[in-house]
Each structure stands twice: as structure tokens, then as C-alpha cells.
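Asker: Below you will find the structure I want to go over with you.
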Amino acid sequence: MKEIVFILSSLCDPHYRKRVEEFAENGYKVAVYGFKRQGQSIQNFPCEPVILGEIPNRGYFSRLALFYRSIKSIAKECRGKLCFYSSLDVALFARLHINSQYIYEVCDLTELVVGNQFIKSVLIKLNEHTIKKSALTIFTSEGFFDFYKKVPKEKIVLIPNKVSPHCPTPIDIDRTLVGKERIRIGYVGVIRFETIYNFIKICADKSDNIDIHLFGIYSNGDIYADKVKQLEVLKENIHYHGPFSNPADLPQIYSQIDLLLCTYTPSPGVIYAEPNKLYEAMYFKCPIIVSTDTFLGRKVEKMKIGYVVNAMDNKEIGEFLETLNAESYKEKVESCKKIDKQDCININTVLFETLENSLNNK
């Protein structure tokens, strides 16, 4: 049986659970090592994961020290096996201690957030080198090609973070704003962006016709999650529904909302990303609200499946809410309906075909 060892920066991230499940379903014996994040629960993996430690909230360098020590401690068990590295920091320490072929996944470009230009340039070069030395690198966003233009294309396979093939069929509902007294805007996930909080804050004052529905967990100690908690106490039109099971609960969640809020902060590490919420919106035919100046925003505009706003411009948010109407909403819904549901589902035969070819050519 083929074997693969996963070393994950977060055992709490459902995206990585899905990736492990894919390999298990494609005939691989999987082993999982990784780190727990404070205040978040560990995902249910096909095998029992080995917890290497809990990521501290006190600073990034403390996290790096933990990664270095922990990955070094499991190096002997991983050498000679095909490995999977989930982030740049994991990959750097794993490559230092483990001499094995590896798959590398790029889910974001966090190196671009670094303020020091010298350190940033070093991290970019290290990322390029990690990609070049991989057996295969997974890009989860087409937007990453816009930044990493020099890396060899034969090393990369584009696998957007689509809806799980285990997701139940969407609930059949009539998506319309005609005759609706209240518009339901939903946020699905962890609240960790100022742009999300700011949009919710403006909506909180539109108590006459806007309801905000929050599904997921509040990230403990996160300033924006704490602010939303305070709003929920003060405003009757903000409703927190608590944690949910992904993908089992998604059909029920999307049947309760008219619009999906996905105004992630257009920071250097996010502007190239293509989040899974895009594919959930298309799968459930639910128009999406995204941020300006992002790859996601350009894609949503091109596909005409949602709205693009500056989520830090209070006036623009207010104008968007005031002018939101049944006709424009219907156009977005119709654009969503034209997209084949199969195009939104995470069926990654191309990943395993490309991987087999890459390993056979070594």
C-alpha cells in the first residue's frame, strides 16, 4: 500500500482534513502529525492524528520555535516516506530535518504580510525554492500564478478548495428578494478580519430590513470576534448560531441566508486567494459579497455571481445596502444557476494523476 505522512500547521482546519480524506480514499495509508490552535477543536481525520503541540498566541517566533523542535523530533519516523507539508514554515523545518520526497500546498501567501522588506524577499525566495524542489506543489488559487510567475509550471497543480464530494444535496429553495421584508446576510466561518466586523457593524444599524446570521466559532481572544459578540448583545438583528459540521450542515445553513458575506481583508497575503466560500456560494446558488482589490473580487465580477464592495468604507457599505434590490439579486442568482454543480465539487482525479506521473519520473 502507498504511504503518505502529513505534517500540518493546523489540525483544526477542515481544509486539511479533506485533503487527508482524499488520499485515504485514493488508496494511501495516511499518518497525520500537526499542531492544535488554542480555542479550536481538532478535526476528525481518517486516522488518529499525533498532536505535536499547541500553537501559542504570544507571537510568531514562539510558533517557529515549536515547529522546529517538534518536526525535528519526528524526523526519523518520516524519512524515506512521501510527505505532505501544509505551509511554508512547516516545509522549511521539514526539509531541514527530513530527507524525503514531498508534496507542498500553498493555501495563502503569508510571506507577503511581513513588513521587513529583506525578510519578505528571503521568504519569497524560500517559497520559490520549496516549490521547485517538491515532487508536486498544490496551488489552491489561480491567483497565486499572478504572483509566483517564475516557478516551473510542471511542478504545480491547481486544486481550488471546492465543496466536499460528501456534501449533501442543496435544499431546493426559491431565492428571491421579492416580497421580503428582511434580507438575511450570512457569515460562515471564524471571524478574524476587520472587514468582516466592519460590514456587520454597518448592517447592525440597518435593523429595519437586514438580519445578520453567524455560523461557526468565535476565535478566542480575537479582537474582531469579541467586538461582534458585543454587537450581538446590543443588536436584535444579529443572530449567532454556533459551531456547525462541515459539510453535513451546509445545506441547512445556506437555506437560511440570502447572501453570503466573504469580505476578507485585501491584505498582501489575501488578495491572491480563492477561498472555498466562492465555491459554496456557487454550489448553493447564493450570491456572495466580497472585497474590492482582490483576485476574488475580479472573479466574482467576471462571473456576475455576487457583489464587490470596499468593506472598510462605511458610506459604500451603506449605499450598497440601500440600493440592494430584487432585480439585481435575481441576476446574480441566475448566473449562479448557470454553473454546473459538478464544477463546484472537490473531485481531484487530476491531483492523483499528476502526482503519479511526477513520482514515476523521479
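The values are calculated or read from the model by the stated rules, or taken from the named source; none is laboratory data. These numbers were taken from a predicted model, which means no experiment stands behind them. Glycine gets a Cβ as well: all are built from the backbone with ideal geometry, and neighbour counts include every protein chain shown. In case anyone asks, the SASA skips ligands and DNA or RNA and just uses the protein heavy atoms, side chains included. Shrake-Rupley method; radii C 1.70, N 1.55, O 1.52, S 1.80 Å.
Asker: Just how far, in whole angstrom, is region 120-169 from region 316-333 if you go by their alpha carbon centroids?
Answerer: The distance from the Cα centre of region 316-333 to that of region 120-169 comes to 34 Å.
Asker: Then there is this: What is the magnitude of the charge dipole of the chain about its Cα centre, with +1 placed on the Cβ of each Lys and Arg, -1 on the Cβ of each Asp and Glu, and no other charges, expressed in debye to the nearest 20?
Answerer: The dipole of the chain has a size of about 1380 debye.
Asker: Counting C-alpha atoms alone, how compact is region 143-264: give Rg to one decimal and Dmax as a whole number, in angstrom.
Answerer: Taking only Cα atoms of region 143-264, I get Rg and Dmax of 17.5, 54 Å.
Asker: Moving on to the next point. Counting only Cα atoms, I'd like the Rg/Rh figure for region 221-298, Kirkwood definition for Rh.
Answerer: Looking at region 221-298, the ratio lands at 0.99.
Asker: Rank 334, 280, 319 by mean-square fluctuation in a GNM of the chain with C-alpha springs under 10 angstrom and give only the top-ranked residue.
Answerer: Result: 319 has the largest fluctuation of those listed.
Asker: Mind checking the angle between helix 314-323 and the chain's longest principal axis? C-alpha axes, 0 to 90 degrees, to the nearest 10.
Answerer: 60
Asker: For region 1-91, calculate the relative contact order in percent as a whole number, restricting contacts to Cα pairs under 8 Å that are 6 or more residues apart.
Answerer: 36
Asker: Could you check the spin-label model distance between residue 68 and residue 81? Points 7 Å from the Cα along Cα→Cβ, value in nm.
Answerer: 2.5
Asker: With a 1.4 Å probe and every protein chain kept in, tell me what percent of the accessible surface of the chain is carbon plus sulfur.
Answerer: 50
Asker: Next up: Using only DSSP helix segments of four residues or longer, with each worth -39500 (n - 2.57), what per-residue ellipticity at 222 nm results for the chain after dividing by its residue count and rounding to 500?
Answerer: Per the formula, -11500 deg cm²/dmol.
Asker: For region 31-186, what relative contact order do you get, as a whole percent, if you take Cα pairs closer than 8 Å and at least 6 residues apart?
Answerer: 13
Asker: Still on this structure, I have one more. With everything on Cα atoms, drop me the angle between helix 88-97 and the longest principal axis of the chain, reported from 0 to 90° to the nearest 10.
Answerer: Relative to the chain, helix 88-97 is tipped by roughly 10 degrees.
Asker: Could you work out how far helix 14-25 tilts from the main Cα principal axis of the chain, as a 0 to 90 degree angle to the nearest 10?
Answerer: 50
Asker: Please work out the average accessible area per residue across the chain, using the 1.4 Å probe convention, and give it in Å².
Answerer: I get 46 Å² per residue for this part.
Asker: Projecting each Cα onto the charge dipole of the chain (Lys/Arg +1, Asp/Glu -1 at the beta carbon, about the Cα centre), which of 243, 339, 359 comes out farthest on the positive side?
Answerer: Farthest towards the positive pole: 359.
Asker: If you split all Cα-Cα distances of the chain into 20 Å bins from zero, what percentages do you get per bin, shortest first?
Answerer: The calculated distribution, bin by bin, is 28, 58, 14, 0.
Asker: As an exercise, find the ratio Rg/Rh for region 243-362 from alpha-carbon atoms, using the Kirkwood inverse-distance average for Rh.
Answerer: Here Rg/Rh amounts to 1.05.
Asker: Pick out, from 129, 183, 167, the residue whose Cα sits farthest towards the positive end of the charge dipole of region 98-209, with +1 on the Cβ of Lys and Arg and -1 on the Cβ of Asp and Glu.
Answerer: With unit charges placed on the Cβ atoms, the residue in question is 129.
Asker: With label points built 7 Å along Cα→Cβ from the Cα atoms of residue 327 and residue 24, find their separation and express it in nm.
Answerer: Here the answer is 5.2 nm between the modelled labels.
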